[in-house]
Amino acid sequence: MKDWCVNSPPGGFLDAKRNAIFIGGTGTGKTHLCIAVASAVIRARARGRFFNLVDLVNQLEQEKAAGRSGRLSEKLLRYDLIVIDELGYLPFSQPGGQLLFHLISKLYENTSLLITTNLAFADWPQVFGEPMTS
């Protein structure tokens with residue numbers, strides 16, 4: 001199997017619907033790297049969207065409160081790449097975590113995701129609320 005960063009053209013990971021998680025401390029360049037990757041594949045051919053995680057969760061919660069659940073996920077399925085920045089930096093509600101998990105589940109294997117976080121995988125249950133969803 002080819003390593004998409006080294007051997008594939010920009011965006012080769014998009015064709016395979018692959019995801020990447022950038023893990024590291026504050027100020028290590030995770031967001032900068034995601035923006036660079038997203039910019040390269042968008043210039044080449046892709047449709048992409050960038051979200052700060054808390055803003056995305058707020059949108060999902062507002063959508064649900066308005067009785068419009070699922071509309072944002074349907075829109076995002078039309079994109080080739082979604083960048084979700086700052087997973088774990090700021091807290092949000094448990095229902096928000098469940099909505100986020102549902103969104104990521106819908107996008108999985110349909111849209112490539114780039115996610116930045118300062119959390120180790122063992123700490124992800126605190127974001128999504130329930131250990132079974134991590």
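So the values come out like this:
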item	result
Residue in segment 25-48 that is in contact with a Ser or Thr (Cβ under 8 Å, 6 or more places away or on another chain), at pLDDT 95 or above, within 18 Å of Trp124 (Cα to Cα) and crowded, with 18+ Cβ neighbours inside 10 Å present	yes
Residue satisfying condition, being in contact (Cβ under 8 Å) with a residue 40 or more places away in the chain and more than 21 Å from Lys17 (Cα to Cα), within set Val127, Val37, Val41	Val127
Members of segment 12-41 that are in contact with a strand residue (DSSP E or B) (Cβ under 9 Å, 6 or more places away or on another chain) and of a type in the set (Ser, Thr, Tyr)	Thr28, Thr31, Ser39
Single unsatisfied condition, Thr116 versus (1) out of contact with any strand residue (DSSP E or B) (no Cβ under 6 Å at 6 or more places or on another chain); (2) within 18 Å of Lys30 (Cα to Cα); (3) buried (at least 17 other Cβ atoms within 10 Å of the Cβ)	(1)
Selection status of Lys64, among the basic types (Lys, Arg), within 18 Å of the chain's Cα centre (by Cα) and at pLDDT 90 or above	no
Condition broken by Ser93, with the remaining ones in (1) at pLDDT below 95; (2) surrounded by 13 or more Cβ atoms within 10 Å (Cβ to Cβ); (3) of a type in the set (Gly, Ala, Ser) satisfied	(2)
Counted residues, segment 51-90 - those being in contact with a strand residue (DSSP E or B) (Cβ under 6 Å, 6 or more places away or on another chain) and small (Gly, Ala, Ser)	1
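The values are calculated or read from the model by the stated rules, or taken from the named source; none is laboratory data. This structure is a prediction, so every number in the text was calculated from the model and none was measured. FYI the Cβ positions are ideal-geometry reconstructions off the backbone, even for glycines, and counts take in every protein chain you see.
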